[in-house]
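Before any comments, here is the structure.
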Amino acid sequence: MTFRTVMDTIEYDKIVDKLISFRAKIPQNHHLSSHMARNAARNLRVSIDNMLQDIDKYAELDILGWIK
């Protein structure tokens with residue numbers, strides 16, 4: 001028995017929109033006073049950027065039918 005959750009482009013768009021909204025709420029480095037807070041904020045932005053790229057690649061593979 002195979003089980004596959006099918007996602008359409010609207011679902012990918014919703015996920016990406018939520019991530020972009022969350023990323024926009026992360027304080028900019030010049031608003032943070034401590035070095036650790038600046039590093040944490042920068043690392044979180046980079047992680048979200050990487051996840052957005054990964055979602056985009058995955059969605060392309062899904063559209064091509066490679067994800068089954």
Here the qualifying pairs (Cβ atoms under 7 Å; residues six or more apart or on different chains; first in region 46-68 and within 23 Å of residue 23 (Cα to Cα); second among the basic types (Lys, Arg) and exposed (fewer than 10 other Cβ atoms within 10 Å of the Cβ)) come out as none
Selection from region 28-45 of residues surrounded by 11 or more Cβ atoms within 10 Å (Cβ to Cβ) and part of a loop (DSSP other than H, G, I, E, B) yields 32
In region 28-51, anything touching a Leu at 6+ places or on another chain (Cβ under 6 Å) and closer than 24 Å to residue 11 by Cβ is listed as 48
Out of (1) open to solvent by less than 80 Å² (accessible area, probe 1.4 Å); (2) more than 20 Å from residue 63 (Cβ to Cβ), the one residue 22 does not meet is (1)
When restricted to 48, 67, 55, 63, the only residue open to solvent by less than 60 Å² (accessible area, probe 1.4 Å) and at pLDDT below 85 is 67
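The values are calculated or read from the model by the stated rules, or taken from the named source; none is laboratory data. Fair warning: this is a prediction, and the values are worked out from it, not measured in the lab. Every residue, glycine among them, receives a Cβ derived from its backbone with ideal geometry; neighbour counts consider all protein chains shown. When the accessible area is computed, the model is the full protein with side chains, heavy atoms only, and any ligands, DNA or RNA have been set aside. Shrake-Rupley method; radii C 1.70, N 1.55, O 1.52, S 1.80 Å.
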